[in-house]
Amino acid sequence: MTRSASERGPRVFRGEQPLTAELIVDAAERLTAEVGLAGWTVRKLATELDCWPTVIYHHVGDRAAVHHAVADRVVSRMPCPAEDLDWRDWFTELLLGARPVLGGYPGVARWLVLRGPIVPSALRILDRGVRVLRRAGFGAESPMVYSTLLNAAILLIMSYDERSAADASTKTTITEALGAYRDDPRDGLAALAGYLLTPGMSEQFYAFTVDRAIAGAQARLTELGGG
């Protein structure tokens, strides 16, 4: 049972394992999976850990520092394919593997979009990805191609997060808004409505987006005289 603030004291005096930075990030990760990265405060995290907020500040830092640590932990679970893969296979594996990882921790995709790949695990993926593109023949455009491919995927994951987190009273999604036109005499509307109501549509659309982004990069590579 969680104790009130007045009952808390050093965990060692209660016969409990002392808190460490790793245990704090573990708890923050669990909360992120439950309520999203923006859904908890340091005070809520302290309640989860049954400690004073100052303990979190001491071991990890402020809320931004804990967010940084959680983002690094989550991104470390994304695939970082072997460098000898063909560049198209490399990015297909990375981007298709990114969605289930980031999707399990709402808000991390948004954090990455707003702050960029500043955590060590993201920098590792970036470094390898740009090298893969340079080897493929993209040359000086390799960083731009990398950013284009990652943004296409992560922005879409972020949009799924935002839609899922919307308040129930305002959660009129594109599917709900346009799905009513399934039997509309206007063929375009009816076709789109039918597509939006297809089971697994979001997974199909995500895979399609990844595939088309890679195809676009391939077209650019051909223009550059590459494979």
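Values quoted throughout were computed directly from the atomic coordinates according to the rules given, and no laboratory measurement underlies them. The shown structure was predicted, so the numbers you read here are calculated from the model rather than taken from an experiment. For neighbour counting, all protein chains shown are included, and Cβ atoms are generated from backbone atoms with ideal geometry for every residue, glycine included.
Give me Rg/Rg_expected for region 140-227, where Rg uses Cα atoms only and Rg_expected = 2.2 N^0.38 Å with N residues.
Values: Rg = 17.1 Å, N = 88, 2.2 N^0.38 = 12.1 Å.
Here the Cα radius of gyration is 1.41 times the empirical estimate.
Once both labels are modelled 7 Å past Cα along the beta-carbon direction, what's the ALA64-LEU123 spacing in nm?
1.7
Let's test the formula: R0 of 22 Å, r as the Cβ-Cβ distance of LEU155 and PHE208. What FRET efficiency results, to the nearest 0.05?
E(calc), rounded to 0.05, equals 0.90.
Mind listing the Cα extents of region 67-128 along all three principal axes, in Å, largest one first?
If we take the Cα atoms of region 67-128, the spans are 33, 21, 17 Å.
Report, to the nearest 10°, how far helix 187-196 tilts away from the longest principal axis of the Cα atoms in the chain, using its own Cα long axis and a range of 0 to 90°.
Compared with the principal axis, the helix lies near 40 degrees.
Take the Cα gyration tensor of region 33-77, multiply each eigenvalue by 5, square-root it, and list the three semi-axes largest first, rounded to whole angstrom.
Values for region 33-77, descending: 18, 13, 8 Å.
Run the numbers for ALA180 and SER164: contour at 0.36 nm per residue of separation, minus the present Cα-Cα distance, in nm. Before the final figure, lay out each step's value.
Working: separation 16, 0.36 × 16 = 5.76 nm, distance 2.02 nm.
Contour length minus Cα-Cα distance gives 3.7 nm.
Considering all projection directions equally, how large on average is the shadow of the alpha-carbon convex hull of the chain, in square nanometres?
16.6
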